[in-house]
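Enquirer: Just dropping this structure here.
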Amino acid sequence: MNRRSLISLLGGAAAASSLSQSLRAQTQAAKPVIGFLNPTSADSSPSRNRGWRLGLKDAGYVEGENVAVEYRWADGQIDRLPDMASELVRRRVAVIVVSGVPAFSAVKAATTTIPIVFIVAQDPVALGLVASLARPGGTTTGFNYFGAELAAKRMELLRELAPAITRVAVLVNPANATTSEATLRGAESAARLMGLQIQVFNASSSGEITAAFVALSRVRPDALFVDPDSFLSSRRVQLVHLATHHAIPAIYGARAFVEAGGLMSYGADLADAYRWIGAYTGRILKGISAADLPVVQANKFELVINAQAVKLLGLTVPPVLLASAHELIE
């Protein structure tokens, strides 16, 4: 090969490489970016993560292929949410997915233009998140999984599994006042109707959870009711371990607790909830306004019981309760 041919070949290769890089850059620039703000940790709920990605796929999006996701996990530290929300807004994401009222409030304070898709534990109309369920209005829509609103039902199930109880400890996270206050209203109302006494314990950190169980051991309640708070959910292994150590029957708001060895849970199917959220996010990316997407309310609830925990506590699952259980984990 002569010198002129070599120079021509190298020049052509350089031009092809430059064109390839340019096309790749254009493709990456055209890829929409989703912001995902969550108060828990990335590994706190595998079923949630699977549901979220399935929902995106339902809408025609696959993370890493035709959509990118900027994740921000607060690891139970709610005070980090405002800075994380601001980061996502500066990143100019196309839509932001939030879990819980504190995360929603952080994003709402940071932007008035980026669409928000939420998942919350209470009525979003009563919370002032949307104008109505059918027509949310503004730039917001999402999913209500009735976490706090099922407090009375959980209290009834706890009494059904452990009929001898008279005193119930209720553990809440005061840093998430919206959820904890709603949980306490439901728990207190149900307790009055059933003639139960309740005592409230607060925990907003791992150390405070340990301290709460030290206090619990002194007053010796008959059962434990755990608030469906995102921070407490992220500390489920610690909570289940302590409840087992103190041999106290406990009910939780999500099946992940029972999978970790907890006694019983009752709540919405969160994998299904996040699938809805993923699908809604995809529809917004395709140009549908959040204002035109009705808020979805959970209609799939599951009662999950851990058979080993039942045996360890010396309890017997009544036939009626067993028949209504969605799953009995051996």
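Enquirer: Only residues that are out of contact with any Leu (no Cβ under 8 Å at 6 or more places or on another chain) and not acidic (Asp, Glu): list them for segment 305-330, please.
Expert: Of everything in segment 305-330, those that are out of contact with any Leu (no Cβ under 8 Å at 6 or more places or on another chain) and not acidic (Asp, Glu) turn out to be Gln308, Lys311, Leu312, Gly314, Thr316, Pro319, Val320, Ala323, Ile329.
Enquirer: Considering every residue within segment 264-279, establish whether at least one is free of Cβ contacts under 8 Å to residues at least 24 places away in the same chain, under 30 Å from Pro115 (Cα atoms) and outside any helix (DSSP H, G or I). First the steps, then the outcome.
Expert: We begin by selecting, within segment 264-279, every residue free of Cβ contacts under 8 Å to residues at least 24 places away in the same chain; these are none.
Among the residues of segment 264-279, not one is free of Cβ contacts under 8 Å to residues at least 24 places away in the same chain, under 30 Å from Pro115 (Cα atoms) and outside any helix (DSSP H, G or I), which makes the answer no.
Enquirer: Sort through Ala85, Ala103, Ala74, Ala121 and tell me the only one that's small (Gly, Ala, Ser), touching an Asp or Glu at 6+ places or on another chain (Cβ under 9 Å) and closer than 29 Å to Glu208 by Cα.
Expert: Only one candidate passes the filter, namely Ala121.
Enquirer: Can you name the helices (runs of 4 or more DSSP H) wholly within segment 165-256 that have at least 3 residues being surrounded by fewer than 24 Cβ atoms within 10 Å (Cβ to Cβ)?
Expert: Working: elements: 177-194, 206-219, 230-234, 236-245.
Here the list reads 177-194, 206-219, 236-245.
Enquirer: Would you check if Thr141 is within 20 Å of the chain's Cα centre (by Cα) and at pLDDT 95 or above?
Expert: So Thr141 fits the description; yes.
Enquirer: How many residues are in a strand (DSSP E or B) and either surrounded by 19 or more Cβ atoms within 10 Å (Cβ to Cβ) or of a type in the set (Asp, Glu) (or both) when one looks only at segment 317-330?
Expert: 1
Enquirer: Within segment 32-70, track down each residue that is under 12 Å from the mean Cα position of the chain (by Cα) and surrounded by fewer than 19 Cβ atoms within 10 Å (Cβ to Cβ).
Expert: Within segment 32-70, Ser41, Ala42, Asp43, Pro46, Ser47, Asn49 meet the criteria.
Enquirer: Filter segment 54-88 for residues that are touching a residue at least 40 places away in the same chain (Cβ under 8 Å) and touching a strand residue (DSSP E or B) at 6+ places or on another chain (Cβ under 8 Å) and give the result.
Expert: Answer for segment 54-88, where residues must be touching a residue at least 40 places away in the same chain (Cβ under 8 Å) and touching a strand residue (DSSP E or B) at 6+ places or on another chain (Cβ under 8 Å): Leu56, Tyr61, Val67, Leu81, Met84, Ala85, Leu88.
Enquirer: Another question about this same structure. Could you list, in sequence order, the residues of segment 291-316 that are assigned by TED's automatic domain parsing to the domain that holds Leu129, in a helix (DSSP H, G or I) and either loosely packed, with under 14 Cβ neighbours inside 10 Å or modelled with pLDDT of 95 or more (or both)?
Expert: Asp292
Enquirer: Is there a residue in segment 215-231 that is more than 25 Å from Asp123 (Cα to Cα), among the β-branched types (Val, Ile, Thr) and either modelled with pLDDT under 95 or not assigned by TED's automatic domain parsing to the domain that holds Asp123 (or both)?
Expert: yes
The values are calculated or read from the model by the stated rules, or taken from the named source; none is laboratory data. Quantities reported herein were computed from a predicted structural model and do not represent experimental measurements. Note: ideal-geometry Cβ built from the backbone for every residue, glycine included; neighbour counts use all protein chains shown.
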